[in-house]
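J.: What follows is a single structure, and I will ask about it in a moment.
Nothing in this text is a laboratory measurement; each read-out follows from the coordinates by a stated rule. As the structure is a prediction and not an experimental result, all values here were calculated from the model. Because the Cβ atoms are built from the backbone with ideal geometry, glycine has one as well, and the counts that use them run over all protein chains shown.
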């Protein structure tokens, strides 16, 4: 399974990167995030627990995962490796690229799917990726954009 979400932020790179990388503050400006907790800290990131809602009209489905997070401001990249939750084994990369006064942001999720016999890859490609991953990632990108552009 591979999903790609993109948008452009009209803000300086430093502000866009700060909004994308400061995940502990996401619940303050991303309404679909239930919580974000740093379980372990390191100089380049750490282990982070995240929980979000995936809205479906009037209903909200709870999601949860734990990732190893690596923040690389020199390359304008934030990487995650999911280590707990249904998406364990998923690799995620946020890449921010300056384009004049704008910043192009791309999030790529790659995953072999859950280890469910017969239906794991189908579930990943038909439901988990396009419905849950992109549903949450697109909202997250839009919120990061609002935050960076409003500062």
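J.: For the stretch 2-150, what percent of Cα pairs sit more than 21 Å apart? Present the calculation step by step, with values, prior to reporting the outcome.
T.: Numbers: 4634 of 11026 pairs.
Everything past 21 Å amounts to 42 percent.
J.: Before rounding to the nearest 500, sum -39500 (n - 2.57) across all DSSP H runs of length at least 4 in the chain and divide by the residue total; then give [θ] at 222 nm in deg cm²/dmol.
T.: -6000 deg cm²/dmol
J.: How far is helix 134-150 tilted, in degrees, relative to the longest principal axis of the Cα atoms in the chain, given as a value from 0 to 90 rounded to the nearest 10?
T.: 10
J.: To the nearest 0.05, what FRET efficiency results for residue 101 and residue 43 with a Förster distance of 30 Å applied to their C-beta separation?
T.: 0.45
J.: May I pose another question? Rounded, prolate or oblate for the stretch 12-72? Axes are the square roots of the Cα gyration tensor eigenvalues, ordered a ≥ b ≥ c, and the cut-off for rounded is a/c under 1.5.
T.: Since a/c reaches 1.5 but b/c is at least a/b, the shape of the stretch 12-72 is classed as oblate.
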